[in-house]
Every structure is written in structure tokens, then in C-alpha cells.
Amino acid sequence: MSTLKIAVILGSTRPGRNGKAVADWVIDRAGARTAAEYELIDLADWPLPFMDEPLAPSMGQYQGEHTRAWAAKVAEYDGYIFVTPEYNHSLPAVLKNAIDFAYAEWNNKTAAFVSYGTVGGVRAVEHLRTIASELQLAHVRQQLCFSLFTDFENFSLFKPGAHHDTAAAGLFEQLESWSAAMKTLRT
């Protein structure tokens, strides 16, 4: 079986965001992995308008060039790690919008979640799990939740506790094994 490709999707474009440091930490930890190649996708580099497609993404008849380019990018991967803050007990609109632009490109793949916020971003992940289920994305149990109070100095400098390394290893193991299994459904 060929090497798995996993996208680490940074789900915030907010100026001064904490997510870039979190996503970089995930990419750094993933660098030691041999079962998959990990690549960062920063939604700041994908300035999608609010959903502007005339047909539902599940029909697969994308009209806009930006939609076709985004769908092609999503299709490249066997799995995804969504890095998200929690905004108002949910995920950022930019992340939801990016997810909504595609459909079949997400199907029969695997997702994992890394979140941060005052309560670790857990409510954003709860919403993402529901969305992933609708997209036929198998989501793994292990997740990483970083607290703005304990994993960030002055709420902005990312300094996660060492205990997160063990949880990250578990997340990678689950994501890679499930992504390999789901790949057999698509081939």
C-alpha cells in the first residue's frame, strides 16, 4: 500500500490567531511518523467566499474555479486533522464554509481533531464530529484539547504540557490505521 497522505487543516484565519502555533506543533510531531505524510493546509491560503455554488456539493457539479481547486485539494488526502479554535461554543465560520464546499472528496476518509480555547475547544469538536458523520468521514476517538489557561502563556504563546505528546501519538496511531482501512473502501 502506498504511503498515506494526511492534511492538517488550520481552521482559523483570524489575525493574531493561536492556531498556527498549534498546527505547527502537530506538523512537528507528525514529522517523525513513517506510516503517513502530513501536510499543512492553512485556510488563510484558501480565501473561499461564503458558499456560492448554485447546486448542493453532494451533486458534485462544481461551478466555480475556486470550488474545483479546493475540491481537488481535499481529494488528495486519505485523512485529515482539523485544528480548530472554539468560537461561541462552536467552530469558526471559515472552517465550516471550507468543509461545506466539497462532499464526495471527504467521503470514506478519516478525521481527527485538535482544538484549543478556554475549555480546550471541546464544543467545537462536538460540532465537527456531527459534521464529519454527515460527510461520511470516520472520526477517531482520540483528540487533543489545549487550554488557553494552561497550554498558552499569556493566552497567546503556545507552550503545551508534555502530557500532550502521548495523546498526540495515540491520535496519529488511530488516524493512520483508520485511514489505511478506509483507503481500501475507495480502491
Could you check the stretch 4-34 and list, in sequence order, the residues that are assigned to a loop (DSSP other than H, G, I, E, B), more than 18 Å from Glu105 (Cα to Cα) and either β-branched (Val, Ile, Thr) or touching a Phe, Trp or Tyr at 6+ places or on another chain (Cβ under 8 Å) (or both)? Thr13, Asn18, Gly31, Arg33, Thr34
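Quick check on Ala104: is it part of a loop (DSSP other than H, G, I, E, B), at pLDDT 95 or above and not basic (Lys, Arg)?
Details: part of a loop (DSSP other than H, G, I, E, B): yes; at pLDDT 95 or above: yes; not basic (Lys, Arg): yes.
Criteria met by Ala104.
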Going by what's in this entry, would Thr84 be described as assigned to a strand (DSSP E or B) and either touching a His at 6+ places or on another chain (Cβ under 6 Å) or not hydrophobic (A, V, I, L, M, F, W, C) (or both)? yes
What tally of residues in the stretch 121-164 results from selecting those that are loosely packed, with under 12 Cβ neighbours inside 10 Å, over 23 Å from Leu95 (Cα atoms) and in contact (Cβ under 8 Å) with a residue 12 or more places away in the chain? 1
Failed condition for Tyr77, given (1) surrounded by fewer than 21 Cβ atoms within 10 Å (Cβ to Cβ); (2) modelled with pLDDT of 95 or more; (3) of a type in the set (Ser, Thr, Tyr): (1)
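The values are calculated or read from the model by the stated rules, or taken from the named source; none is laboratory data. Everything quoted here is computed from the prediction, not taken from an experiment. Neighbour counts run over all protein chains shown; Cβ positions are idealised from the backbone, glycine included.
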